[in-house]
Every structure is written in C-alpha cells, then in structure tokens.
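If you scroll down you'll find the structure; I have some questions about it.
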Amino acid sequence: MDKNLIGAHVSSAGGPHKAIERAAELGVLAFQTFGSSPKQYQVTEPKEEDVAAFKEMRKKAGITHVFLHGPYLVNLASSTPAVRHSSRTALAGHLRIAQRLGVDGVIFHVGSVGKGNGREDALDRVIKGMKEVLEKVPGTADLILENGSGGGGKIGATVEDLAAIVKGVDSARVGVCVDTCHAYAAGVLVCTEEGVNDFFDNWEQELGEGVLRALHANDSKGAAGSYLDRHENIGEGFIGKEGFENLSKDPRASAVPWILEVPGFEGEGPDKKNVDILRKIIS
C-alpha cells in the first residue's frame, strides 16, 4: 500500500485553505474536512478568495485526495417530508462546495428509518433524494455513501443496502466509503486475512469494481456485532494493529485513501501518532 494514501480528517476552521495547513502538520497528502458546519442544515459557502487560496495551496502542497464530510443531520431515508427536504437541500449545498473546491466529493451517512416504516420504502427515498441532489449540482464531485454501524433502524450497514442504492441511482458520480469501525461493529467485517478477503469478495459481487472511493480507518471501541459507533485510536480497539495489517494486504482496500477519524491520543482528533502507527503497520 502507498503510504501517501494514509490521510486524516482535519479542521477547516478559518477557511478551507486552513485544512491544507493542518494536513501538512500531520504529514499527509490526503484528507477529509467539512465544507460548512456539520451540525446544522444551513450551508455557508466559502468566499471566492478562500476557494482560490485552497486551490493554490493544494497544488503547492501536492495534496492528492480531498473529501468533504456531509452534515450529521442529513437523513434521506426519513419518512418525514420536512426532514427529507432539509436533508436534500443541505447535502446539495455541501456538494456544491465540493464542486467549487474541485475535491473528490462528499461522504455522508445514509440515514435511518423510523419504527413502522419499511426498509424498501426507505431505500427508495434515499435513491430519489440522491438523484435530486445530483441533478441540482452538476459536475464531477461525487456523492459518497458511508456504511453504518447497524441497529436502530439505520440504513446502509450492509453491502446489500449500499448496492441497492448505488444501482438505483445509477450514476458514475456515486461511490461508497467503508468505515472499518462501522463495518466491524455491524458484524459484517471480520478483520482476519480470510475475513477481509470474504468481505471484499462479497463487495465486488454486489457492487462491482470501481465503486469504493475511500476507507475510514478507525479502530472500534465496540465488539463485533455490538452496533456501537464509537471510534478508537489505531491499535487500541477490537480491530487492533493486526486487523489493519490484514486490511492493507487486500489490493481492493489498499488502492484507495485511508482517512483517520480517530479520537487522538490527546483527545483532539486525528494526530500524527495515529498516522505514524498506521504507516508502520502497512510498511
């Protein structure tokens, strides 16, 4: 695996170009950041001068991959019309920022379905929502589905859910990001060599090739099948260093950027220590 594909989530406080400075401090050439606040539906777009500064600094820094993470409130699967409308509008706003910045795309959580609502209808709502967002924001930036940890009516924890959505939207601008913590906690990823191979074999069978855009490299606080969405520093959780080594050996996993979303050893988010540990594991 190319060590330059190891990246991290960094803050964009002060403007998107600031994220490049913070990525440089970690020594990474791939990163994820927020285009606008992730805690509200309202989207604040960057100023033209900030966009220009981002592009110039990215070129000078040699940054290869950049992803935006969508707002946490987005729930395209919701049975409530107002929630779906707000979710589509917000997601379109973040995708527009991604397009303006010229980055890979927006990684977002699929959402969940309330009690008494069928999964098939929920999946259909997600498909319709994504089609609407893509129509609103033409261009090259992708909409990238992130797998969930399962439980509580969450949509997208299984490859079957993700495949139904990807095939339903039927666009080259749709991809998927595998979060290792989520997949492990959902009980769909076993991090032995055989387990990793089986996971990606099933992935290719259901989704085909070329759909995987990124991997969120997060250890898991929760045990397999716990549905606990709690990230842990690399080597400190149930996946462990051996699990990430096994993941790095699979060419399908190692071909895409690995983005750290760990708590950090000082509790301040992804840090150089986690980056260095992951690089040493794959060396």
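The values are calculated or read from the model by the stated rules, or taken from the named source; none is laboratory data. Nothing here was measured: the structure is a model prediction, and the numbers come from that model. All Cβ positions, even for glycine, are placed from backbone atoms using ideal geometry, and neighbour counts span all protein chains on display.
When you go through (1) out of contact with any Lys or Arg (no Cβ under 9 Å at 6 or more places or on another chain); (2) surrounded by fewer than 17 Cβ atoms within 10 Å (Cβ to Cβ); (3) outside any helix (DSSP H, G or I) one by one for Glu45, which number turns out not to apply?
Condition (1) is where Glu45 drops out.
Can you spot a residue in segment 108-122 that is at pLDDT 95 or above, more than 14 Å from Asn75 (Cβ to Cβ) and not basic (Lys, Arg)?
no
Is it the case, given these coordinates, that Val166 is within 19 Å of the chain's Cα centre (by Cα), closer than 20 Å to Leu76 by Cβ, in a strand (DSSP E or B) and hydrophobic (A, V, I, L, M, F, W, C)?
Details: within 19 Å of the chain's Cα centre (by Cα): yes; closer than 20 Å to Leu76 by Cβ: yes; in a strand (DSSP E or B): no; hydrophobic (A, V, I, L, M, F, W, C): yes.
No; evaluated as a whole, the condition is false for this residue.
Let me ask something else about it. Just checking, how many residues over segment 14-30 are hydrophobic (A, V, I, L, M, F, W, C) and under 30 Å from Arg84 (Cβ atoms)? Give the derivation first.
Looking only at segment 14-30, we keep the residues that are hydrophobic (A, V, I, L, M, F, W, C), and these are 19-20, 23-24, 26, 28-30.
Restricting the remaining residues to those that are under 30 Å from Arg84 (Cβ atoms) gives 19.
Residues in segment 14-30 being hydrophobic (A, V, I, L, M, F, W, C) and under 30 Å from Arg84 (Cβ atoms): 1 in total.
Output the number of the condition that Ile97 fails; it satisfies all remaining conditions of (1) within 16 Å of the chain's Cα centre (by Cα); (2) farther than 30 Å from Asn246 by Cβ.
(1)
Return yes when Ser220 is small (Gly, Ala, Ser), modelled with pLDDT of 95 or more and over 24 Å from Phe67 (Cα atoms) and no when it is not.
Working: small (Gly, Ala, Ser): yes; modelled with pLDDT of 95 or more: yes; over 24 Å from Phe67 (Cα atoms): no.
So Ser220 fails the test.
Among the candidates Gly225, Gly240, Gly210, single out the residue that is on the phi > 0 side of the Ramachandran plot and within 18 Å of the chain's Cα centre (by Cα). First the steps, then the outcome.
Numbers: Gly225 fails: within 18 Å of the chain's Cα centre (by Cα); Gly240 fails: within 18 Å of the chain's Cα centre (by Cα).
Every option except Gly210 fails the conditions.
Taking only segment 160-173 into account, find how many residues are in contact with an Asp or Glu (Cβ under 7 Å, 6 or more places away or on another chain) and under 15 Å from Ala214 (Cβ atoms).
Looking only at segment 160-173, we keep the residues that are in contact with an Asp or Glu (Cβ under 7 Å, 6 or more places away or on another chain), and these are 160, 163, 173.
Keeping just the survivors that are under 15 Å from Ala214 (Cβ atoms) gives 173.
Result for segment 160-173: 1.
Taking segment 48-83 as the search range and keeping residues that are assigned to a loop (DSSP other than H, G, I, E, B) and of a type in the set (A, V, I, L, M), which one is surrounded by the fewest Cβ atoms within 10 Å (Cβ to Cβ)?
Applying the first criterion (assigned to a loop (DSSP other than H, G, I, E, B)) to segment 48-83 yields 62-64, 70-80.
Next, only the ones that are of a type in the set (A, V, I, L, M) stay: 63, 73-74, 76-77.
Values: Ile63: 20, Leu73: 17, Val74: 26, Leu76: 26, Ala77: 30.
By that ranking, first place goes to Leu73.
Further question: So, of the residues in segment 100-130 that are free of Cβ contacts under 8 Å to residues at least 40 places away in the same chain and under 20 Å from the mean Cα position of the chain (by Cα), which turns out to be surrounded by the fewest Cβ atoms within 10 Å (Cβ to Cβ)?
Out of the qualifying residues, it is Val103.
Among Val106, Val126, which is touching a helix residue (DSSP H, G or I) at 6+ places or on another chain (Cβ under 7 Å) and in a strand (DSSP E or B)? Before the answer, list the steps.
Numbers: Val126 fails: in a strand (DSSP E or B).
Result: Val106 is the single residue among Val106, Val126 that is touching a helix residue (DSSP H, G or I) at 6+ places or on another chain (Cβ under 7 Å) and in a strand (DSSP E or B).
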